[in-house]
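The values are calculated or read from the model by the stated rules, or taken from the named source; none is laboratory data. Values in this document were obtained by computation on a predicted structure and should not be read as measured data. In this analysis, Cβ positions are derived from the backbone assuming ideal geometry, glycine residues included, and neighbour counts consider all displayed protein chains. Each accessible area value is taken on the protein alone, full model and side chains, heavy atoms only, with ligands, DNA and RNA left out. Shrake-Rupley method; radii C 1.70, N 1.55, O 1.52, S 1.80 Å.
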Amino acid sequence: MSLSSSVAYGLPSVVLLLVLRHVWNGRRHYPPGPPQEFLIGNLRNAPKTKPCLTWEEWGKTYGPLIYMNVAGKPYLIINSYEIARDLLEKRGQKYSDRPRFVMAGELVGLGIQTALAPFGPLWKKHRKFFAQALSPNVVSKNYSSIHERKSYQFVQYCLDRPEEYKQNIK
């Protein structure tokens, strides 16, 4: 197959897929939001500075839930405390997850670390461990000697170098 025939078949196929994706995404029931442009969505009218002010204005126009898509990345802006509380506190389990970190999480193998782990049994196990290890009772009992030693070192350092006092407390 020559290059020209590859382009002749490939280019229309890509365009057709993009149009189908656009039509398919348009059929989903999203909250109202600013009008989107083909392929780039709300890239041109996405706020670049002071987004909170823009979202507040959009809230007056489109309501408390605003949907926007910036170059294929969907965003849901919540302009109501009651709705935010309902969605994030009461139904938080449904929405609790992190984005997929393909490079760090999957290819490099760091996905089992707490900061990159997706919400699920592993993350819950890590969270339970950290909650136990860093509870106030455990910290005061197990780490008080370290706190005392470091406090003593800091005071001694400040006494030895009083001219660097302000820099030391930062």
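Observations, loosely collected:
- Pick from the range 74-105, criterion touching a residue at least 12 places away in the same chain (Cβ under 8 Å) and among the basic types (Lys, Arg), ranking: farthest from residue 123 (Cα to Cα): 100
- Sole residue being at pLDDT below 85, part of a helix (DSSP H, G or I) and of a type in the set (Phe, Trp, Tyr), chosen from 55, 24: 24
- Residues in the range 122-170 that are under 30 Å from residue 112 (Cα atoms) and either open to solvent by less than 90 Å² (accessible area, probe 1.4 Å) or under 26 Å from the mean Cα position of the chain (by Cα) (or both): 20 in all.
- For first residues located in the range 38-49 and under 12 Å from residue 75 (Cα atoms) and without any contact (Cβ under 8 Å) to a residue 40 or more places away in the chain, partners that are surrounded by 14 or more Cβ atoms within 10 Å (Cβ to Cβ) and among the hydrophobic types (A, V, I, L, M, F, W, C) and lie 6+ apart or on another chain with Cβ distances below 6 Å form the pairs 41/70; 42/68; 42/70; 43/70; 46/70.
- Top-ranked residue in the range 44-82 [being acidic (Asp, Glu) and farther than 22 Å from residue 29 by Cβ; ranked as farthest from the chain's Cα centre (by Cα)]: 57
- So residue 76, is it of a type in the set (A, V, I, L, M) and at pLDDT 75 or above: yes
- When the criteria are applied in full, residue 93 meets the requirement of being under 21 Å from residue 75 (Cα atoms) and either part of a helix (DSSP H, G or I) or of a type outside the set (S, T, N, Q) (or both).
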